[in-house]
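Supplied in structure tokens, the structure appears directly below.
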Amino acid sequence: LFRSDAGDAATLDRLLDPADPAGIDRRPDLFLLVAKTVHFGRRPGS
């Protein structure tokens with residue numbers, strides 16, 4: 001169970017605010033990595 005206080009909520013608000021200089025949108029050390037996997041096969045003997 002996760003319990004947070006008012007300080008945690010304020011920090012989360014700042015991180016999620018796109019206009020805040022401390023927001024996660026502006027952090028150079030944060031990135032999103034996306035990958036797609038494609039599977040294919042062949043029938044035996046073809």
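Readers should treat all values here as calculations from the given coordinates under stated rules, not as data from a laboratory. Because the structure is predicted, anything quoted here is derived from the model rather than measured. Neighbour counts are summed over all protein chains in view; Cβ atoms, including those assigned to glycine, are modelled from backbone coordinates with ideal geometry.
What Rg and what Dmax come out for the chain when only alpha-carbon atoms are used, in angstroms?
That works out to 21.2, 65 Å for Rg and Dmax.
Express in nm, to one decimal, how much length is gained between Asp20 and Thr37 on full extension, taking 0.36 nm for each residue of separation and deducting their alpha carbon distance. Kindly include the intermediate steps, with their values, before the conclusion.
Details: separation 17, 0.36 × 17 = 6.12 nm, distance 3.54 nm.
Here the answer is 2.6 nm.
Ignoring everything except DSSP H segments at least 4 long, calculate the 222 nm mean residue ellipticity for the chain; use -39,500 (n - 2.57) per segment, divide by total residues, nearest 500. Provide the component values of the computation, followed by the final result.
Working: 1 runs with 11 residues, N = 46.
Value at 222 nm, helices only: -7000 deg cm²/dmol.
Moving to a separate point now. Nothing charged except the Cβ atoms of Lys and Arg (+1) and of Asp and Glu (-1): what's the magnitude of the dipole of the chain about its Cα centre? Round to the nearest 20 debye. The partial results should precede the final answer.
Numbers: 7 positive and 7 negative charges, 139 e Å.
My answer is approximately 660 debye.
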